[in-house]
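K.L.:
To start, I am sharing the structure in question, which I have written as structure tokens.
The values are calculated or read from the model by the stated rules, or taken from the named source; none is laboratory data. Small disclaimer: the values here were computed from a predicted structure and weren't measured. Counting neighbours? That spans all protein chains shown, and the Cβs are built from the backbone with ideal geometry, glycine included. Heads up: the accessible areas ignore ligands, DNA and RNA and are worked out on the full protein's heavy atoms, side chains in. Shrake-Rupley method; radii C 1.70, N 1.55, O 1.52, S 1.80 Å.
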Amino acid sequence: MLELAREVLQGEEAWVVGGAVRDELLGRELVDLDIAVRDPKRAARAYAKPAGGAPFALSERHGAWRVALDGGRTVDFTPLPGTIEDDLATRDFTINAIARPLGGGDPVDPFGGQDDLAARRLRAVGPTVFEDDPLRLLRAVRLEDELGFRLDEETERLAREQAALVTKPAGERILAELRRLSPPGYRRLDELGLLAPLGGKLDERLDRVDSPDYRLVASFGEGLRRLPVSNGLLRYARALLAAEPPQPDPRAIHRFRRATEPWALDALAFVGAPELAGAVEAAREREPAEPLLRGDELGLPPGPEIGRLLDLVEEERAAGEISTREEALELVRREQRS
């Protein structure tokens with residue numbers, strides 16, 4: 001990524017900035033690249049052609065462009081209207097306010113970001129950092145979480161004072177930051193007073209499944225609807241939130257699975273019954289390939305009664321009470337007579 005950028009922008013003023021410089025100094029793998037240039041649109045198009053990427057405007061208001069590459073990697077080209085020092089003064093944290101000439105050379109570090117990297121400290125570039133972009137409140141916690149850093153005293157004070165701003169960003173941007181948090185990240189969010197304004201609350205369920213979706217449900221419950229989550233995540237949330245601990249017998253396990261699959265194991269963890277995971281897995285392994293009966297074999301008009309009877313047949317089959325088509329038909333006849 002860097003070599004191609006150097007080739008395409010040779011002879012132009014261009015600076016590698018932000019997380020790319022930070023990650024290089026930390027010895028982390030370079031996934032995304034952020035380059036400040038005079039003409040982001042031209043630079044993005046020039047880079048995209050040999051890279052086989054797709055250029056598009058990232059921000060019409062700010063003039064930034066992005067090239068999307070294979071494997072989820074991105075190269076952003078941001079405008080540089082003034083000096084690189086002016087650009088760095090608009091950044092969020094000092095560890096992201098370091099620039100390196102694209103063509104090579106010493107880093108420019110006007111805010112002491114390298115010292116903060118060495119101290120594993122997250123420090124705001126200025127006192128208006130969260131007012132300028134409230135999403136930085138969530139980003140601060142996420143960077144602490146991902147890098148193992150800690151907010152310095154003044155930046156933490158600012159975050160606590162301005163916690164109410166955390167609801168201001170677009171829901172999609174809030175959700176993207178939340179999805180990257182680990183359980184300790186959620187606890188830190190709560191500690192700083194940033195979780196409650198978003199509608200979240202923590203309890204002992206948070207750590208039970210290592211999954212971004214699970215942590216969202218465990219933290220927000222029914223309030224998850226306030227965020228722009230997918231229909232798939234809403235179905236997952238409904239399954240977990242409606243679940244109740246089952247009894248350890250085949251019929252109860254069948255009912256539990258019917259209500260919660262394909263997320264029955266997560267639902268068991270959510271309701272505090274992980275000891276039944278073996279029973280659920282065993283039931284999955286015994287799952288018949290074909291049903292004993294189909295709806296059109298019952299001789300009934302279309303309606304909910306067909307579904308109820310078929311569910312009853314499968315439940316009795318799971319409980320070991322019936323095993324053949326004839327037994328299933330007899331069960332249905334008895335049920336209709338009762």
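K.L.:
If you look at just the Cα atoms of the range 66-157, how large are its Rg and its Dmax in Å?
P.N.:
Rg and Dmax of the range 66-157, Cα atoms, are 14.1, 40 Å.
K.L.:
Please label the shape of the range 112-154 as rounded, prolate or oblate, based on the square roots a ≥ b ≥ c of the eigenvalues of the alpha-carbon gyration tensor (a/c under 1.5 means rounded; beyond that, a/b larger than b/c means prolate, else oblate).
P.N.:
Judged from the Cα gyration tensor, the range 112-154 comes out oblate (a/c at least 1.5, b/c at or above a/b).
K.L.:
Moving on to the next point. About the Cα centre of the range 1-119, how large is the charge dipole given +1 on each Lys and Arg Cβ and -1 on each Asp and Glu Cβ? Please answer in debye to the nearest 20.
P.N.:
Using only the charged Cβ atoms, the result is roughly 540 debye.
K.L.:
Same structure again: What would the Debye equation give as log₁₀ I(q)/I(0) for the chain at q = 0.06, 0.07, 0.14 Å⁻¹, counting only Cα atoms as equal point scatterers?
P.N.:
Results for the chain at q = 0.06, 0.07, 0.14 Å⁻¹ read -0.36, -0.46, -1.10.
K.L.:
Moving to a separate point now. Going by the alpha-carbon gyration tensor, a ≥ b ≥ c the square roots of its eigenvalues, is the range 166-301 rounded (a/c under 1.5) or, if a/c is not under 1.5, prolate (a/b greater than b/c) versus oblate?
P.N.:
prolate
K.L.:
For the range 101-241, just say rounded, prolate or oblate: build the C-alpha gyration tensor, square-root its eigenvalues into a ≥ b ≥ c, call rounded for a/c under 1.5, and beyond that prolate if a/b exceeds b/c, oblate if not.
P.N.:
prolate
K.L.:
Mind checking which of Leu189, Leu298, Leu234 has the largest fluctuation in a GNM of the chain, springs on alpha carbons under 10 Å?
P.N.:
Of Leu189, Leu298, Leu234, the Gaussian network model singles out Leu298 as fluctuating most.
K.L.:
Tell me, what % of the accessible area of the chain is carbon and sulfur with a 1.4 angstrom probe?
P.N.:
Summing carbon and sulfur atoms, their accessible area is 48 percent of the total for the chain.
K.L.:
Can I get the semi-axes of the range 169-240's equivalent ellipsoid? Compute them from the C-alpha gyration tensor as square roots of 5 times the eigenvalues, in angstrom, largest first.
P.N.:
17, 15, 11
K.L.:
Select from Arg284, Arg123, Arg187 the residue whose mean-square fluctuation is largest in a Gaussian network model of the chain (Cα-Cα springs shorter than 10 Å).
P.N.:
Its mean-square fluctuation being the largest, the pick is Arg284.
K.L.:
Rounded to the nearest 10 degrees, what's the angle between the helix 231-242 long axis and the longest principal axis of the chain, both from Cα atoms, 0 to 90?
P.N.:
Relative to the chain, helix 231-242 is tipped by roughly 60 degrees.
K.L.:
Please get the size of the charge dipole for the range 214-296, origin at its Cα centre, with Cβ charges of +1 on Lys and Arg and -1 on Asp and Glu, quoted in debye to the nearest 20.
P.N.:
360
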